Amino acid sequence: MSSYPVSVKGVLFSPDQQLVLLLNERNEWELPGGRIELGESPAQCLAREIREELNLKVNVDELLDTYLFEVVPARHVFIVTFRCTLTGPFDPEVSHEHKSIGLFAADQLPDNLPEGYRASIQRVLESVG
């Protein structure tokens, strides 16, 4: 039986309702978040990761989705996505883990955004629309 690393990701909007995405080393846009550490709950992991990656404080809200994602051929990660809400000021600072931050209108998502992240974003949009 195979086992897979777990990555917890968050759908987060800026105060002006732009989706917050990060550009990774594969030149793909992704949701903020990262690997869960021993002893953390998924919510604790995501709040920590967003603080580390963007220097933002968030509440981790409802679970959106779980799925197995093939990051590169034959390398899979189990993805868990949550809706997040900003709890502090929005003045993001991108960490060394990503190339840049992107703010996108929900109807203008970049082409190089994996389908699983799109599905999680769509769930949030359907719940507020």
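None of the figures in this text is laboratory data; all of them are computed from the coordinates on show. Small disclaimer: the values here were computed from a predicted structure and weren't measured. Every residue, glycine as well, gets a Cβ built from its backbone with ideal geometry; the counts of neighbours run over all protein chains shown.
Note on the chain: Cα Rg divided by 2.2 N^0.38 Å, N the number of residues, gives 0.98.
Rounded, prolate or oblate: which fits region 1-55 when a ≥ b ≥ c are the square roots of the eigenvalues of the alpha-carbon gyration tensor, with rounded for a/c under 1.5 and prolate only if a/b beats b/c? Oblate, because a/c is 1.5 or more while a/b does not exceed b/c.
The order of Leu109, Leu21, going from fewest to most other C-beta atoms within 10 Å of their C-beta, is Leu109, Leu21. Fewest-first ordering of Phe90, Phe13 by other beta carbons within 10 Å of each residue's beta carbon gives Phe90, Phe13. Determine the shape class of region 59-106: with a ≥ b ≥ c the square roots of the Cα gyration tensor eigenvalues, call it rounded for a/c under 1.5, and otherwise prolate if a/b is greater than b/c, oblate otherwise. Judged from the Cα gyration tensor, region 59-106 comes out oblate (a/c at least 1.5, b/c at or above a/b).
On the basis of the beta-carbon distance and an R0 of 35 Å, Val72 and Ala105 show a calculated FRET efficiency of 0.75. Counted over the chain, the DSSP beta bridges are approximately 80% antiparallel.
Cβ crowding within 10 Å ranks Val8, Val71, Val128 as Val128, Val71, Val8, fewest other Cβ atoms first.
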